[in-house]
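Reviewing the structure listed below.
Since every read-out is calculated from the coordinates, none of them should be taken as a lab result. Values in this document were obtained by computation on a predicted structure and should not be read as measured data. Note that each Cβ is placed from the backbone with ideal geometry, even for glycine, and that neighbours are counted across all protein chains shown.
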């Protein structure tokens, strides 16, 4: 991992509360893998004190550019949204364990919603570059879904969408049913990123159909490197319950090993 001051190249609002941040970080761009994240200091002052974790959306290894898609949900991301081109950004990364994309030979299914689409974009690009056939199910608010659909289609990904309130039962059922239908057609592996409720539903489907399924889990974290022990998650490993750190052991886990408490 690297800690340094990066130059902001752009910070553009792409939807109501979604921003696409691009900064120059050659060391991160060269080493980052799909599913990993960066830890960003959103303000040079003491408030907020803690960094914020963001999934790596895309990288350009040749130019050293890193892109992050983030949602404004509090004071940290609100301050980040105010930053402009040319300003410096305090960044730590790349961090965490990413997706095992190399386990896919022929086909993969991606499912995500809202800002969770961020980590899947990098994964889709990596898979398509290796000639893997990729399908995606994207959910969330209309504007967010359309942004994701446009980028995924540009990569040659087959896309299905569900627009609506991600907290409603009807929306969750439709996402899970599309996931079940897609897995039923046969894929090597599935990957997901979204709410705990969506991931729990889809994990059950994947387990029933015996399809390997990796999920990127969101959890509040402070240090991002496993020192503070605040981002623990209950995991079932070899039949025994244990706890693992989302920042260090994840954020990507085998869905079947996660104890879903929703």
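Values as computed for the structure displayed
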item: Global form of segment 85-185, assessed from the alpha-carbon gyration tensor, a/c cut-off 1.5; result: oblate
item: Length-normalised contact order of segment 2-95 in % [C-alpha pairs under 8 Å, at least 6 apart]; result: 42 percent
item: Candidates 108, 25, 227: whichever shows maximal mean-square fluctuation once the chain is modelled as a Gaussian network with Cα springs under 10 Å; result: 227
item: Ellipticity estimate at 222 nm from DSSP helix runs (n ≥ 4, -39,500 (n - 2.57)) divided over the chain, nearest 500; result: -8000 deg cm²/dmol
item: Likely footprinting exposure, 65, 175, fewest C-beta neighbours within 10 Å first; result: 65, 175
item: Gain in span if fully extended, residue 73 to residue 234, counting 0.36 nm per residue against the direct Cα distance; result: 55.4 nm
item: q = 0.08, 0.13, 0.16 Å⁻¹, the chain: log10 I(q)/I(0) [Debye, one scatterer per Cα]; result: -0.29, -0.81, -1.25
item: Estimated FRET transfer efficiency when R0 is 22 angstrom, pair residue 208-residue 155 (beta carbons, to 0.05); result: 0.15
item: Helix 169-184 axis, angle to the chain major axis (alpha carbon atoms, nearest 10°); result: 70 degrees
item: Between segment 70-139 and segment 156-189, the Cα center-to-center distance that results, in Å; result: 18 Å
item: Sequence-separation-based contact order of the chain, relative, with Cα cut under 8 Å and 6+ spacing, percent; result: 18 percent
item: Theoretical FRET efficiency, 1/(1+(r/R0)^6), r = Cβ-Cβ of residue 46 and residue 227, R0 25 Å, to 0.05; result: 0.80
item: Helix 117-129 axis, angle to the chain major axis (alpha carbon atoms, nearest 10°); result: 70 degrees
item: Ranked list, fewest to most other Cβ atoms within 10 Å of each Cβ, for 229, 21; result: 229, 21
item: Estimated inter-spin distance, residue 259 and residue 142, nm [label 7 Å along Cα→Cβ]; result: 4.3 nm
item: Antiparallel bridge percentage (DSSP; both residues within segment 101-257; nearest 5); result: 30 percent
item: Residue exposure sequence - 6, 101 - by fewest surrounding Cβ within 10 Å; result: 101, 6
item: Residues residue 177 and residue 88, FRET efficiency given R0 of 51 Å [Cβ-Cβ distance, rounded to 0.05]; result: 0.65
item: Tilt relative to the chain, helix 142-154 - C-alpha long axis, 0 to 90 degrees, to 10; result: 80 degrees
